[in-house]
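The values are calculated or read from the model by the stated rules, or taken from the named source; none is laboratory data. Fair warning: this is a prediction, and the values are worked out from it, not measured in the lab. Cβ coordinates were reconstructed from backbone atoms using ideal geometry, including for glycine residues, and neighbour counts include every protein chain displayed. With ligands, DNA and RNA removed, areas are computed over all heavy atoms of the protein, side chains included. Shrake-Rupley method; radii C 1.70, N 1.55, O 1.52, S 1.80 Å.
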Amino acid sequence: QVLRIAVAANAQQLIKRLQKDFERKTGIKSEAIVGASGKLTTQIMNGAPYDIFLSADTEFPEQLYAKQLGLLKPKIYALGSLIICGKTNHDLKNWPKLLLGSKTGRIAVANPKTAPYGKAAKEALEYYQLKDKVSSNLVYAENISQVNTYIQTRAVELGFTTESFLYEHSDKSKLKWARVDPESYGKIEQGAILLTYAKKGKLKEATKFFDYLSSASAQQIISKSGYHLPVVKKS
Amino acid sequence: MDFEPIYLSLKLALITTAILLVIGIPVAYWLSGKSTMAKIILEALITMPLVLPPSVLGFYLLLAFSPNNGFGKWLHEHLNLQLVFSFEGLVFASIIYSLPFMISPVKSAFSHLPETLAQASYTMGKTRWQTFIYVLLPNIKASIYTAAVLTFAHTLGEFGVVLMIGGNIPGVTKVASIAIYDAVETMDYHAANQYALILFAITFAIVLAVFIFNKKAVKNPFE
Amino acid sequence: MDFEPIYLSLKLALITTAILLVIGIPVAYWLSGKSTMAKIILEALITMPLVLPPSVLGFYLLLAFSPNNGFGKWLHEHLNLQLVFSFEGLVFASIIYSLPFMISPVKSAFSHLPETLAQASYTMGKTRWQTFIYVLLPNIKASIYTAAVLTFAHTLGEFGVVLMIGGNIPGVTKVASIAIYDAVETMDYHAANQYALILFAITFAIVLAVFIFNKKAVKNPFE
Amino acid sequence: MIEVDITKRIKTYKGWEDLKVKTQFDMGKITRITGPSGVGKTTLLKIIAGLITPELGAIKFNGNTWFDAEKKFSKKIQDRKVGFVFQDYALFPNMTVEAHLAYGTKDQTYINELLELGEMENFRQHLPGQLSGGQQQRLAILRALSTKPVLLLMDESFSALDKELKGKLMTKLQALFLVQGTTVLVVTHHDEVFDQSSAIFRLED
Amino acid sequence: MIEVDITKRIKTYKGWEDLKVKTQFDMGKITRITGPSGVGKTTLLKIIAGLITPELGAIKFNGNTWFDAEKKFSKKIQDRKVGFVFQDYALFPNMTVEAHLAYGTKDQTYINELLELGEMENFRQHLPGQLSGGQQQRLAILRALSTKPVLLLMDESFSALDKELKGKLMTKLQALFLVQGTTVLVVTHHDEVFDQSSAIFRLED
Ligand SMILES: Nc1ncnc2c1ncn2[C@@H]1O[C@H](COP(=O)(O)OP(=O)(O)OP(=O)(O)O)[C@@H](O)[C@H]1O
Ligand SMILES: Nc1ncnc2c1ncn2[C@@H]1O[C@H](COP(=O)(O)OP(=O)(O)OP(=O)(O)O)[C@@H](O)[C@H]1O
Ligand code: MOO
Ligand SMILES: [Mg+2]
Ligand SMILES: [Mg+2]
């Protein structure tokens, strides 16, 4: 069996790079199981055979830890960065003004109840007092991948998504985007946890990967994939 | 507790079932006639949407109906019809998705009917259409009820397609299946159970009513 | 291109269809007999799994079979059977999910058969079982083929349940529907299209073969 | 005059055989068609009604062409205005006795007349599944009459009736045929069926 | 001796009526059952075969109880070893002529004997849908004989056959009944059916 890493949908590009680098350094093979954080958490609570879990937030890993499904306290491996983007003619530099003014089409956000990026998008809209103005334009996606799909297929004009989307998008030419001011939304702290399941044979490898997440080379990959680095807390 | 998703779901399922009855039964009848290679291929094709995971079917529909692409654009500009993020779109997608569950069993039922029934009707001067309505349909009632019930239930539970092209808009496309899914995702199991229970209870009542009605219609002649 | 998901999917769909043929047809036969209130209620109940969105059904199955909870624990300890994150679990879930598509049309077909057929067989000293096998079954062949095809296609496309209790584990539970879903989610549209095409082609060939075979079996007597 | 001159391939015990029929039937008369079992009597009736298409030949009804293989013409079944009493009845399982007749005519007086003719007045609300063999056979006859056909084709239509009933029924039917000017072709193995005043056509191997 | 003493509620034109039958049939003999259409002849045969359950009474076959309403006993259909020729044949649409007989007996010699008896040797591979009315009726008779029943119940089983065929067939059948010691109850409206050497039971309203 190989090391199994459950990964929140927004980090699916990131994990590929991390896996490659990790294998090159240690020779340890791993496979990623990508899904919405909530679903992965439910599965882990019910016996899913995953060794490590990279969530899109910190709440889910904390819950797992509280249920003694984690071996170590969860740690933050990345800070998400929210962008607005779309295959549009408009210039997005001053996007709040754009949304306030001209008539825009549909805008996709991830479900604020289930996806941290959705919650962040909602906070940003509230911060710029755009919530009421655009509420009739909003469509809700199950998770961040679906927002990306909507953007890609031009089913929507704009969407709030993760910056890492830009790194997986192959054809960026038609894509306009702008970073949403981090001031306008709460931090998207993405937590990782080493799971109890790892004790069934992959403990050594899993621990190595868990440690690897805070290594310099991992951090470099993370910051080059559309994330900010967490402020390292001294404990 | 928000009842709108349940109301939307029932509305979607009812409309879809009604439209499928109207479209599906004649198609099933036509397919049940002298079988040609073309009909067989068509029948196989009707089954194909099932093979795709619903959300992927939804993805392809999204591509087809995106208001910025060829066909969706045309629909939008010429018929003022938008099939993404709208209730109409859900109806359309549900029809495609549930089509085989309406057509296939009804087609089989037609093909099991003895051909002299229709012949007797023709000799009485009745057209194919009259024969269809007054003779053939009433004699496969049980299969039609069954097909309608399956279609109805299937549409209620449909979720992947709806989630993809519906966009989860409250009051428009946020149907019960998505509300339940949302509740499960947020680990609000209490709400999930409640929704599931209500949906169950309502559907169970409807399905039971149909079956009891059907039983009455096909009563044992010696009773 | 990784063919394992497709292989897994076909295996899952074949096993599920085979088991459902074995379980579903006798149940359908039993249900088609003298209808009692208990049977009608049971028939309505069989339809109920459809009403839940697949992923939610998957969620409830996950809870039921979780090795941490009562029933799943019991299964695990006493039968050494683990129904979550295992291929057996997928089979089990698919059976529940596709049950109505096998049972309902076949039940209707049985109930449309004239009762003198079975009576003639009984007077010849044949048991209910022999009558079932040699007389009743062969005369509803078309409906059985249809039901099998729907079940097969439905299982191939199944996805929500599988994703929830299967967990997308390569070589074990990562079936084609999930591979396609994954590909769409990661925006690898090329791979998604390829998977979809292959799945389509294989299924289309299988379904077509069944229908052609069926046509040959039910040939027009004047040809 | 009904002129029949057709060839139809049928599958008999010898393999594929040609059923060849060349004959004429008088209008407004009853003709009995007899012949050994399996010779093609039912097939002939169905060909005349338009339910089976022959390979060769033509059928003319009173000068009008009903079928012509060379011209690839076949008059629609519905437009031939025949009544057909099927050998296996082919009743509609969903319709009551009365509904069977109402399906053929809107004239309630005529419906009552027919029910009386067949002694079925008291079975108006019965479904075919609730009728005895003889009752079913009578219903099959009445249904065929409900449309007041110009040509009535009867396939062994009295076999399930007792002698008394059969006698009464045939007398009443003959009167009706006279009034309506019906031409009747009746396939039967039984000598007593319309024995007076009927021509015979024997179909041989 | 077959002793029948039963009451069955049936739905007739008068509403629910009691069909009351109290009679005896001789073993090893042919008895013809006659009576007006709808009186209950088919119902009586089905009751004897166990296909319909009466409300009251009992049936004894050669001293063995087949049915007793008071004791709530009913011998299984399968164990009564009757042969039943249904009024509407009830042939199996999926089985060839030969398969029908092979379903009743494993004895190929007997199958051939039966096919010859019914003049059906050349239709071995035909399905019921490919047979004429008279051929179907003969198959229905042969199928009922295939299990060598102790009691043969025939419901209007010669109505679709021409006189010549019927005559030959009945002679051959009587010989077979003698050899096998079959008791026969035959419902018929036709005087010529087993006219010699048969008792008559008339069912009246
Ligand atoms: N659907 C069919 N397919 C093939 N052969 C058929 C079909 N129907 C009838 N036949 C054959 O055609 C021949 C003529 O059949 P038909 O029913 O016309 O006979 P018939 O004269 O009406 O006989 P009967 O008096 O027994 O009813 C028979 O030998 C029969 O086997
Ligand atoms: N399934 C049924 N449900 C209700 N009534 C029935 C049913 N079958 C028959 N009957 C009624 O029972 C009566 C007797 O029917 P049965 O079939 O025994 O008559 P029969 O003597 O065989 O007549 P026939 O000579 O016409 O075949 C008829 O009046 C008929 O309407
Ligand atoms: O848990 Mo996610 O990455 O918002 O789908
Ligand atoms: Mg005939
Ligand atoms: Mg009778």
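Miscellaneous remarks
- Number of the condition not met by D:E204 [criteria: (1) in a loop (DSSP other than H, G, I, E, B); (2) open to solvent by 60 Å² or more (accessible area, probe 1.4 Å); (3) within 16 Å of ligand 5 (Cβ to nearest atom)]: (3)
- Test result for C:S177, assigned to a helix (DSSP H, G or I) and either of a type in the set (K, R) or modelled with pLDDT of 85 or more (or both): no
- Residue, most open to solvent (accessible area, probe 1.4 Å), within region E:124-139, restricted to residues that are within 7 Å of ligand 1 (Cβ to nearest atom) and in a helix (DSSP H, G or I): E:G129
- Filtered by the rule that a residue be out of contact with any Lys or Arg (no Cβ under 9 Å at 6 or more places or on another chain), among the charged types (D, E, K, R) and surrounded by fewer than 17 Cβ atoms within 10 Å (Cβ to Cβ), region A:174-207 gives A:R179, A:D181, A:E183, A:K187, A:K199, A:K200, A:K204.
- Residue list for region E:78-101, restricted to those being without any contact (Cβ under 8 Å) to a residue 24 or more places away in the chain and more than 18 Å from C:E115 (Cβ to Cβ): E:D79, E:A99
- Single condition E:I52 does not satisfy, out of (1) within 16 Å of ligand 5 (Cβ to nearest atom); (2) in contact with a strand residue (DSSP E or B) (Cβ under 6 Å, 6 or more places away or on another chain); (3) within 14 Å of chain D (Cβ to nearest Cβ): (2)
- Of the residues making up region E:7-62, those that are free of Cβ contacts under 8 Å to residues at least 60 places away in the same chain, in a helix (DSSP H, G or I) and more than 7 Å from ligand 2 (Cβ to nearest atom) are E:K46, E:I47.
- Filtering A:P116, A:P61, A:P74 for residues that are in contact with a Phe, Trp or Tyr (Cβ under 6 Å, 6 or more places away or on another chain), touching a residue at least 60 places away in the same chain (Cβ under 8 Å) and within 27 Å of A:L213 (Cβ to Cβ) leaves a single hit, A:P74.
- Subset tally (residues that are facing another protein chain (nearest Cβ under 7 Å) and surrounded by fewer than 24 Cβ atoms within 10 Å (Cβ to Cβ)) for region C:138-149: 3
- When restricted to residues that are outside any loop (DSSP other than H, G, I, E, B) and either modelled with pLDDT under 95 or open to solvent by 20 Å² or more (accessible area, probe 1.4 Å) (or both), region C:119-130 contains 5.
- Verdict on B:S104 being out of contact with any Leu (no Cβ under 8 Å at 6 or more places or on another chain) and within 14 Å of chain C (Cβ to nearest Cβ): no
- Residue count, region E:134-149 (criterion: free of Cβ contacts under 8 Å to residues at least 40 places away in the same chain and either more than 14 Å from chain D (Cβ to nearest Cβ) or under 13 Å from the mean Cα position of the chain (by Cα) (or both)): 1
- The combined condition, being of a type in the set (S, T, N, Q) and over 19 Å from E:L176 (Cβ atoms), is not fulfilled by E:T109.
- Test result for B:I41, more than 9 Å from every other protein chain (Cβ to nearest Cβ) and either more than 30 Å from C:E158 (Cβ to Cβ) or aliphatic (A, V, I, L, M) (or both): no
- Restricting attention to region C:192-223, the residues that are within 14 Å of chain A (Cβ to nearest Cβ) and at pLDDT 85 or above add up to 1.
- Residue tally, condition in a loop (DSSP other than H, G, I, E, B) and either more than 14 Å from chain D (Cβ to nearest Cβ) or within 12 Å of ligand 2 (Cβ to nearest atom) (or both), over region E:176-194: 6
- Within region D:66-101, if we keep just the residues that are of a type in the set (A, V, I, L, M) and over 20 Å from D:T182 (Cα atoms), the residue that is nearest to the other protein chains (Cβ to nearest Cβ) turns out to be D:A90.
- Within region A:1-15, the residues that satisfy the criterion of being within 15 Å of ligand 3 (Cβ to nearest atom) and either farther than 11 Å from A:I52 by Cβ or in a helix (DSSP H, G or I) (or both) are A:A8, A:A9, A:N10, A:A11, A:Q12, A:Q13, A:L14, A:I15.
- If you filter region D:2-31 down to residues that are within 15 Å of the chain's Cα centre (by Cα) and surrounded by fewer than 21 Cβ atoms within 10 Å (Cβ to Cβ), you find that the one that is farthest from ligand 5 (Cβ to nearest atom) is D:M27.
- Checked against the criterion of being modelled with pLDDT under 90, farther than 25 Å from D:G28 by Cα and in contact with a His (Cβ under 6 Å, 6 or more places away or on another chain), region D:163-181 contains not a single residue that satisfies it.
- Scanning region D:109-118 for any residue that is within 12 Å of ligand 2 (Cβ to nearest atom), open to solvent by 10 Å² or more (accessible area, probe 1.4 Å) and under 20 Å from the mean Cα position of the chain (by Cα) turns up nothing.
- C:Q82 open to solvent by 60 Å² or more (accessible area, probe 1.4 Å) and either in contact with a Phe, Trp or Tyr (Cβ under 8 Å, 6 or more places away or on another chain) or not in a helix (DSSP H, G or I) (or both): yes
- Pick from region E:150-172, criterion part of a loop (DSSP other than H, G, I, E, B) and surrounded by 23 or more Cβ atoms within 10 Å (Cβ to Cβ), ranking: nearest to the other protein chains (Cβ to nearest Cβ): E:S159
- Residues of region A:113-142 satisfying the condition of being within 14 Å of chain B (Cβ to nearest Cβ), part of a loop (DSSP other than H, G, I, E, B) and either open to solvent by 30 Å² or more (accessible area, probe 1.4 Å) or in contact with a strand residue (DSSP E or B) (Cβ under 6 Å, 6 or more places away or on another chain) (or both): A:K113
- Matching entry among A:L69, A:L54, A:L92, A:L40 (being touching a helix residue (DSSP H, G or I) at 6+ places or on another chain (Cβ under 9 Å) and either of a type in the set (K, R) or farther than 26 Å from B:A183 by Cα (or both)): A:L92
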